[in-house]
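The values are calculated or read from the model by the stated rules, or taken from the named source; none is laboratory data. Remember, it's a predicted structure, so these values are computed and weren't measured experimentally. Cβ placement follows ideal geometry from the backbone for every residue including glycine, while neighbour counts extend to all protein chains displayed. Ligands, DNA and RNA are excluded from the accessible area calculation, which covers all protein heavy atoms including side chains. Shrake-Rupley method; radii C 1.70, N 1.55, O 1.52, S 1.80 Å.
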Amino acid sequence: MSTERTLSDPSVAEDLRRLSELSPLTQCITNIVVTNFTANVLLAIGASPAMVIAAEEAGGFAAIASAVLINVGTVTPEDVGGMRAAARGAQRAGTPWLLDPVAVGPLQYRTEIVGELLAHRPAVIRGNASEILTLAGVSTGGKGADSTADSAEAVDGGRALAQRTGAVVAISGVVDYITDGTEVVPVPGGHELMPRVTGTGCALGAVIAAFLAVSPSPLDAAVSASAVFAAAGQEAGSEASGPASFAAAFVDQLYLLSRRAARAQGAAHVAV
Amino acid sequence: MSTERTLSDPSVAEDLRRLSELSPLTQCITNIVVTNFTANVLLAIGASPAMVIAAEEAGGFAAIASAVLINVGTVTPEDVGGMRAAARGAQRAGTPWLLDPVAVGPLQYRTEIVGELLAHRPAVIRGNASEILTLAGVSTGGKGADSTADSAEAVDGGRALAQRTGAVVAISGVVDYITDGTEVVPVPGGHELMPRVTGTGCALGAVIAAFLAVSPSPLDAAVSASAVFAAAGQEAGSEASGPASFAAAFVDQLYLLSRRAARAQGAAHVAV
Amino acid sequence: MSTERTLSDPSVAEDLRRLSELSPLTQCITNIVVTNFTANVLLAIGASPAMVIAAEEAGGFAAIASAVLINVGTVTPEDVGGMRAAARGAQRAGTPWLLDPVAVGPLQYRTEIVGELLAHRPAVIRGNASEILTLAGVSTGGKGADSTADSAEAVDGGRALAQRTGAVVAISGVVDYITDGTEVVPVPGGHELMPRVTGTGCALGAVIAAFLAVSPSPLDAAVSASAVFAAAGQEAGSEASGPASFAAAFVDQLYLLSRRAARAQGAAHVAV
């Protein structure tokens, strides 16, 4: 396993600065629970969210977007056309995209859709331990959207899944683990209130997608996004009195970290 | 009418403790306005929300869920299949479920759907006075999602509705009234800012559903959920400067009440 | 160009007071990203939101609603029936309605839908500069939901669009410009954090719709809503540490402004 990476790593700070500078257009086809929170998280961190979901528009938009997120959290037959079009459009145009296979395994319908989407070669697969173990063929899934396993237990499965699919696999948990099938990078941090706020994992998927547009590699994108989330979560946790004040402080912190990264670079330019 | 019940009632505290301990998997098919808030309220209070809505998944999931919520607030033809499947699946499997007939009456389409769902025997029907009076056959409805009547005016109608359907009826208002057709329990509390936050009533429906998995009876579930909401609302009102700070404080308070109930039990165990 | 208008203008204060007094039933067919925020903004300012979206209900409801909002932000084929029914129902019944043509131009599918809806004669069209320039036939659109032009650049296009359609055109930006094709009213204010919160523009569209039910003219409705938003945004900006605390403070401020307007009138009544 590699060394832990956190926000203090220069590569993470540089990715965050580039995100804020380039404001990548990040197309999100996500679930109805977290759409608003996801858009606000992307805006806070400096990305430009675009929820373009109709089958009539999603494929063409994926070709011009900088990155794409597909999250099957509340997938219905009406949503599938847009997901297919986006995955296909992204693959054809070479737009990097992330698959978030929420609750795959126990629910057969979405499990089939996830299988179909995987064929369009996502750059990153993000999930909790149960979801990753399911996709790796090791188990048959968790409890709804929540994991019944610890992220560390899914590292071997995640590595195998990465090797089989060519995607970087990001396993969310108390410690996040990111692997490209060879390297495994642990990202510690976050806060115990995080799982009490719906959509923190889903929003992380969206932010990894945004970083795909600016980071040197999908592994770096997943590591940088996770490290920024972990830092914002730790800071927010120290201010919060419960999950709602945590969620607000978390989004504010993402904004402040993004601003700080942009300013630090400005200062460096002046120094040069 | 029975004595008022509040959070200080030992049965309410015990239900809350059990909710936090068992974290019941609560399937929610609800309207697009309140999905995020509902999930966050359930997480704050210690339940495990699962928004499984597709017709392909909702019935099977209702069989393994601990409780189910169906709320017709923004129902479209695309949603009805999932609602039907969930109601049927819950009835077959004996999973207790709650029906929230938002804006029933003035809108014919949803009124027919509500009639159809009622045949699957919800354990609880939650609504405002206008909605309950409409279902009881006494009036033809309120103004959109808002009630034009006071909750006390709907007590007789609610009792009749409970007798006819076999469901416990929960009437939301300044004072909530819960009835199984015989007993009527008033639950006072809450705050005047509550109606200024969208989804407080809808989220109460979800929380009653969650309590159905842990309370001794549907009457107790509705009373406990309403009492916890009333207490959190009162506390949040004393901190808030407007509806948004109220909503955040309310969710934080639900979390704190849940934690306190869990700890109080822990202390009792130690004492034993 | 006319004089700037702000909250201190007596006509704005009077419109706000009437909104709070009459609480107009405002039907919203809007995008899935902002539904919750839109409802909360309307409640805060004293309107009564109703998200009635199904084709089976939307037309009939538009006939009894006080005002209607149609926003194509995440439009899918399943949504179009409800939008058509609402636009047609509003036109027939003489209910004033507002069209928010989110991301029109670069996306062909919604551009066709917007063209069709325009035939039902909205009272107001609200958009950012890119959207207004696109509808005016001057350009072909911005970057997703974000504008690539300054609001001042769209004033001439907006005036032409107003003359062609008979609708008042509201152009959102650092300064908002409202025009009926002759007069152009600038509304300054707001805060730099506003574009970092998803849905502030969409919610403004909903609030203009609500004001259509109480203001002397569509021009006044758009001016009053924009002025109230600008004032609330400025005040919220002075309290916020990031976009999430800004969003909460903004909604609280709308509520406080609404309350103050209602009380000021009460005081005036007493004085008389």
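Test C:E192 against the stated conditions and say whether it is within 14 Å of chain A (Cβ to nearest Cβ), surrounded by fewer than 24 Cβ atoms within 10 Å (Cβ to Cβ) and among the charged types (D, E, K, R).
Working: within 14 Å of chain A (Cβ to nearest Cβ): yes; surrounded by fewer than 24 Cβ atoms within 10 Å (Cβ to Cβ): yes; among the charged types (D, E, K, R): yes.
Considered against the rule, which asks whether it is within 14 Å of chain A (Cβ to nearest Cβ), surrounded by fewer than 24 Cβ atoms within 10 Å (Cβ to Cβ) and among the charged types (D, E, K, R), C:E192 comes out as yes.
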Which ones in the stretch A:1-49 are part of a loop (DSSP other than H, G, I, E, B), open to solvent by 30 Å² or more (accessible area, probe 1.4 Å) and either facing chain C (nearest Cβ under 8 Å) or touching a Cys at 6+ places or on another chain (Cβ under 7 Å) (or both)? A:I32
Mind checking which pairs have a first residue in the stretch B:148-170 that is farther than 30 Å from C:P24 by Cβ and a second that is charged (D, E, K, R) and surrounded by fewer than 18 Cβ atoms within 10 Å (Cβ to Cβ), Cβ under 8 Å, 6 or more apart or different chains? B:T165/B:R121; B:G166/B:R121; B:A167/B:R121
Residue by residue through the stretch B:229-247, note down the ones that are more than 14 Å from every other protein chain (Cβ to nearest Cβ) and open to solvent by less than 20 Å² (accessible area, probe 1.4 Å). B:F229, B:A230
Considering the stretch A:200-213, residues that are more than 16 Å from A:V174 (Cα to Cα) and open to solvent by 10 Å² or more (accessible area, probe 1.4 Å), and then whichever is nearest to the other protein chains (Cβ to nearest Cβ), we arrive at A:A213
Return a yes/no flag: does the stretch C:62-75 have any residue that is out of contact with any Ser or Thr (no Cβ under 9 Å at 6 or more places or on another chain) and not aliphatic (A, V, I, L, M). no
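Being more than 9 Å from chain A (Cβ to nearest Cβ) and without any contact (Cβ under 8 Å) to a residue 60 or more places away in the chain is the requirement here; does B:V80 meet it?
On the way: more than 9 Å from chain A (Cβ to nearest Cβ): yes; without any contact (Cβ under 8 Å) to a residue 60 or more places away in the chain: yes.
For B:V80, the condition - more than 9 Å from chain A (Cβ to nearest Cβ) and without any contact (Cβ under 8 Å) to a residue 60 or more places away in the chain - is met.
What about B:R126, is it more than 14 Å from chain C (Cβ to nearest Cβ), basic (K, R) and touching a residue at least 12 places away in the same chain (Cβ under 8 Å)? Talk me through it step by step, then tell me what you get.
Working: more than 14 Å from chain C (Cβ to nearest Cβ): yes; basic (K, R): yes; touching a residue at least 12 places away in the same chain (Cβ under 8 Å): yes.
So B:R126 fits the description; yes.
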Got at least one residue in the stretch A:52-70 being away from chain C (no Cβ under 12 Å) and closer than 25 Å to B:I29 by Cα? yes
Return the residue satisfying two criteria in turn: it lies in the stretch B:1-57 and is farther than 15 Å from A:V33 by Cβ and among the small types (G, A, S), and of such residues it is modelled with the lowest pLDDT. B:S2
Are any residues in the stretch A:174-188 buried (at least 22 other Cβ atoms within 10 Å of the Cβ) and either within 14 Å of chain B (Cβ to nearest Cβ) or within 24 Å of A:V33 (Cβ to Cβ) (or both), and if so, which ones? A:D176
Please go through the stretch A:238-268 and give me each residue that is touching a Gly at 6+ places or on another chain (Cβ under 8 Å) and over 20 Å from A:T38 (Cβ atoms), ordered by number. A:A262
